[in-house]
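The values are calculated or read from the model by the stated rules, or taken from the named source; none is laboratory data. Remember, it's a predicted structure, so these values are computed and weren't measured experimentally. Cβ placement follows ideal geometry from the backbone for every residue including glycine, while neighbour counts extend to all protein chains displayed. Please note that ligands, DNA and RNA were not included when accessible areas were found on the heavy atoms of the full protein model with its side chains. Shrake-Rupley method; radii C 1.70, N 1.55, O 1.52, S 1.80 Å.
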Amino acid sequence: MFAALKPQDPDKILALMGEFRADTRQGKIDLGVGVYKDPTGLTPVMRAVKAAERRIWETETTKSYTALSGEPAYLDAMSRMVLADTLAADRTAMLSTVGGTGAIRQAFELARMGNPDVTVHVSDPTWPNHVSMLRFMGLPFVEYRYFDAETRGVDFDGMLADLGRAKKGDLILLHGCCHNPTGANLTAEQWAAVADLLDRSGAVPLIDLAYQGFGDGLEEDAAGTRLIVSRAPDAMVAASCSKNFGIYRERTGILLTQVADGSARDLAQGAMAYLGRQTYSFPPDHGARVVQTILDDADLKADWMAELESVRRTMLDLRQQLAGELRDLTGTDRFDFIARHRGMFSRLGATPEQVQRIKDEAAIYIVGDSRLNIAGLNEQTVPVLARAIVDAGV
Ligand code: LMR
């Protein structure tokens, strides 16, 4: 039965989590997995989440199944949060998913069902699990240039040139904000140019929106996504609630599929519900119910937005502090890109050897491609990291 099983390549982010746990050194610093930590190192349950959970506990009368595509009130609240007035409800199918990853996976499945010849275009680099899922599914994919190793910004000319190869019906995976792993993001003008390119090619965007509220603000971070969805006839958005609601382990996300012609909406909805049924049947409900309770209650929503905003500002302050420390230590502004990047991550542009040295000599864990999780820092550890970066010769 199990004779054909082979060891799997470890996921480098999850492997690093294990290595960190096993390290017995005092003062070790985890800048690996993308989890927000407050200055004391805790990933807190947000106030509004606690309040919503209490309310749900008091009022919930049944744990019977909800709808196969997920609780309609959750789908409604989340789709409005993500797309606001660009939501074309009569052309949009919605699925409550097992986290943002579940939404991405179902989007890949739906793309293949809709177009068996689909090629997926992914940024180079992208979140490693994007590529891993595509490989596992046997879906053809190509990379488009994204990161300029020199400026640590977006290589937009390269990106446009490579995406120019996309054919009608191909899928183009874009990061809606807070690009993972680089932290380098498109400007409003660049989003508009991507929309023009999609117009010309007929390729379909799939936007991975895992960090709404972590970059420039809740509305600002959705602006690129909204622009693309308002312009592209067919479009998919995979949004996660893991980070912005801090409910990582509840596995809460949504897949939104906009179809060009409203008459195809039911087909898309049916296909998405079918995909859910074939994978795990009904989606989990607790996280979705928490999110919906918060979004539909003015006081809870205001409190959640205030806490999210303070999380965002904490990360921006840490970016400023780190860039400043590195300016002082090196006497140059070559690390100023850290302050320009947005979201949890920045790609430092260090070599694997330098990343290893930082780990060996300073017990600081960053992903091998030199992605560091800014949210894993605090005021005290920023100078330690800056010194380690310089000592490693980055
Ligand atoms: C990350 O990139 O670190 C997060 O999205 C967590 C994960 O599952 O990899």
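Observations on the structure shown:
- The calculated Kirkwood hydrodynamic radius for segment 65-296 is 17.4 Å, given to one decimal from all distinct C-alpha pairs.
- Interchain or long-range residues, amide H under 5 Å from Val98's placed H: Ala103
- With a Förster radius of 51 Å applied to the C-beta separation of Thr330 and Asp76, the computed FRET efficiency comes to 0.50.
- A simple spin-label model places the labels of Thr351 and Asp196 4.0 nm from each other, with each point 7 Å out along Cα-to-Cβ.
- Spin-label model, Val33/Ala149: points 7 Å from Cα along the beta carbon direction are separated by 3.0 nm.
- Portion, in percent, of the accessible area of the chain that falls on carbon or sulfur, probe 1.4 Å: 52
- Accessible area expressed per residue, the chain, with surrounding protein chains retained (probe 1.4 Å, Å²): 45
- The label point for Glu53 and the one for Thr279, both projected 7 Å from the Cα toward the Cβ, are 2.5 nm apart.
- By DSSP, the beta bridges lying fully in the chain are antiparallel in about 50 percent of cases.
- In terms of Cα atoms, the Rg and Dmax of segment 1-73 work out to 20.1, 50 Å.
- Within segment 22-72, GluC sites (Glu not before Pro) in DSSP loop having at most 14 other beta-carbon neighbours inside 10 Å: Glu60
- Rg of the Cα atoms in the chain, relative to 2.2 N^0.38 Å, amounts to 0.98.
- Full extension of the chain segment joining Val390 with Asp157 gains 80.8 nm, where the gain is 0.36 nm per residue of separation less the Cα-Cα distance.
- Chymotrypsin sites (Phe, Trp or Tyr not before Pro), loop per DSSP, at most 12 other Cβ atoms within 10 Å - longest free stretch of the chain: 66-279
- Straight-line reach from Lys243: taking Cα to Cα under 29 Å and skipping same-chain neighbours fewer than 8 places apart, the lysines in range are Lys12, Lys28, Lys37, Lys50, Lys63, Lys301, Lys359.
- About the Cα centre, charge dipole magnitude for segment 6-76 (Lys/Arg +1, Asp/Glu -1 at Cβ), debye: 260
- Surrounding net charge for Pro39, when Lys and Arg each add one and Asp and Glu each subtract one, Cβ distance under 11 Å: -2
- Per-selection Rg to Rh, segment 113-211 - Cα, Kirkwood hydrodynamic radius: 0.94
- Fluctuation leader among Gly262, Gly276, Gly324 - the chain, Gaussian network, Cα springs under 10 angstrom: Gly262
- For segment 281-322, dividing the convex hull volume of the Cα atoms by the residue count gives 76 Å³ per residue.
- Zero-based 10 Å bins, Cα pair distances in segment 309-390, whole percents: 19, 56, 24, 1
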